[in-house]
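Structure, as structure tokens:
The values are calculated or read from the model by the stated rules, or taken from the named source; none is laboratory data. All values reported here derive from a predicted model rather than from experimental measurement. Cβ coordinates were reconstructed from backbone atoms using ideal geometry, including for glycine residues, and neighbour counts include every protein chain displayed.
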Amino acid sequence: MTGPDHIAERIETAADALRAATRVAVLTGAGVSADSGVPTFRGPGGLWRNFRPEDLATPEAFERDPQLVWEWYDWRRQKIASAKPNAGHIALVELEEIVPDLTLITQNVDGLHEAAGSKHVIELHGCIWRVRCPAEGTVAENRQVPLSEIPPHCRCGSLVRPDIVWFGESVPGEAIAAACHAAEEAEVMLVVGTSALVYPAAALPLLTSQRDGAVIEVNPEPTMLSELTHLGLRGRGAEILPQLVAAVRRE
Ligand code: BJW
């Protein structure tokens with residue numbers, strides 16, 4: 001794939017690759033929801049600028065202070081509950097309708113891809129709208145906003161935790177296996193709104209590239225992935241993705 005300078009030309013080049021592909025993988029991160037008002041983690045205004053991940057997003061933090069961890073999640077759930085899918089999420093739903101085999105792999109826990117209507121979604125880091133009971137080993141949907149009890153408990157009386165993958169925890173085996181398979185098989189991987197700093201998610205585009213698939217990045221900023229990327233579309237997801245999908249449709 002060549003690298004034209006002008007963004008409109010770059011979008012056309014990306015659209016040609018997507019149109020020619022049967023299997024496409026999309027990897028999204030917090031940036032895809034930034035245009036819905038959901039804070040990212042590492043950029044300006046990002047969550048990790050104001051909060052320490054080791055205080056809030058590790059199993060040790062939860063063991064130490066479940067009240068604090070749940071207060072933080074309750075605050076985030078309130079923010080996400082008022083957010084709506086943006087034009088970027090919606091463009092990815094449309095892309096799924098065009099491409100014969102599209103897998104959307106997301107690191108986001110906000111559920112906005114599903115809310116937009118994406119069907120084939122792999123949630124690598126879990127979902128903020130589910131709670132897990134470590135005692136029973138059960139997972140349940142919980143959409144109460146704000147929570148009536150902090151920290152919340154299971155009907156068995158045990159403390160529940162967010163069904164989210166924290167630092168030092170493994171991504172669920174089935175999710176990472178399905179994501180690796182989709183990445184390896186993809187002729188094109190579209191990477192949207194991730195700093196590509198967190199593993200194993202950050203390694204997925206490498207799997208596509210190693211099998212000679214093309215990696216296209218949509219992000220206003222260059223990232224750890226940009227050197228590996230065949231084509232970079234610099235801009236916001238909500239701005240670039242609708243243009244990209246319109247170009248794929250145009251033939
Ligand atoms: C826009 C935009 C717009 C802005 N449009 N774009 C080396 C190799 C392998 C692993 C490791 C390693 N070193 C350390 C590890 C372990 C660790 C890790 O990767 N650490 C790194 C920080 C170095 N990984 C783990 O612990 C993972 N588990 C694991 O590896 O298991 C094996 C193991 C077991 C036991 C011990 C050790 C290993 C699990 C990681 C789970 C991460 N979970 C989090 C928090 C969840 C909490 C929650 O949400 O409540 O998930 S961390 C946080 O980062 C969150 C995100 O999903 C994840 C990725 O962030 P993302 O999406 O990239 O967001 P940002 O903010 O970083 O970037 C936003 C981007 O958007 C930017 O580029 C902007 O420019 C862009 N943007 N506006 C488009 N409008």
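Yes/no per residue for (1) in a strand (DSSP E or B); (2) acidic (Asp, Glu); (3) in the same structural domain as ASP110 (by TED's automatic domain parsing); (4) under 28 Å from GLU97 (Cα atoms):
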| position | (1), (2), (3), (4) |
| --- | --- |
| ARG10 | no, no, yes, yes |
| ALA14 | no, no, yes, yes |
| ALA17 | no, no, yes, yes |
| VAL24 | yes, no, yes, yes |
| SER33 | no, no, yes, yes |
| PRO44 | no, no, no, no |
| TRP48 | no, no, no, no |
| GLU54 | no, yes, no, no |
| GLU60 | no, yes, no, no |
Would you confirm whether any residue within region 206-225 is modelled with pLDDT under 95 and among the β-branched types (Val, Ile, Thr)?
no
Please count how many residues of region 234-251 are modelled with pLDDT of 95 or more and either in a loop (DSSP other than H, G, I, E, B) or surrounded by fewer than 16 Cβ atoms within 10 Å (Cβ to Cβ) (or both).
5
Mind listing whichever residues of region 160-185 are away from the ligand (no atom under 13 Å from the Cβ) and either in contact with a Cys (Cβ under 8 Å, 6 or more places away or on another chain) or basic (Lys, Arg) (or both)?
VAL160
Might you check whether a residue that is in a helix (DSSP H, G or I), of a type in the set (D, E, K, R), buried (at least 16 other Cβ atoms within 10 Å of the Cβ) and in contact with a Ser or Thr (Cβ under 9 Å, 6 or more places away or on another chain) occurs anywhere in region 71-92?
no
Looking for whichever is touching a residue at least 12 places away in the same chain (Cβ under 8 Å) and near the ligand (Cβ under 10 Å from one of its atoms) here; the options are GLY45, GLY29. Which one fits?
GLY29
Taking region 22-39 and keeping residues buried (at least 21 other Cβ atoms within 10 Å of the Cβ) and closer than 25 Å to CYS180 by Cβ leaves VAL24, ALA25, VAL26, LEU27, THR28, GLY29, ALA30, GLY31, VAL32, SER33
Restricting to region 203-233, count the residues that are near the ligand (Cβ under 7 Å from one of its atoms) and outside any loop (DSSP other than H, G, I, E, B).
1
The number of residues in region 95-143 that are hydrophobic (A, V, I, L, M, F, W, C) and assigned to a loop (DSSP other than H, G, I, E, B) is 4
In region 102-115, residue surrounded by the most Cβ atoms within 10 Å (Cβ to Cβ) [restricted to those that are farther than 18 Å from VAL191 by Cβ and more than 13 Å from the ligand (Cβ to nearest atom)]
GLU114
Report the residue count in region 100-123 for those that are in contact (Cβ under 8 Å) with a residue 40 or more places away in the chain and under 14 Å from CYS180 (Cα atoms).
8
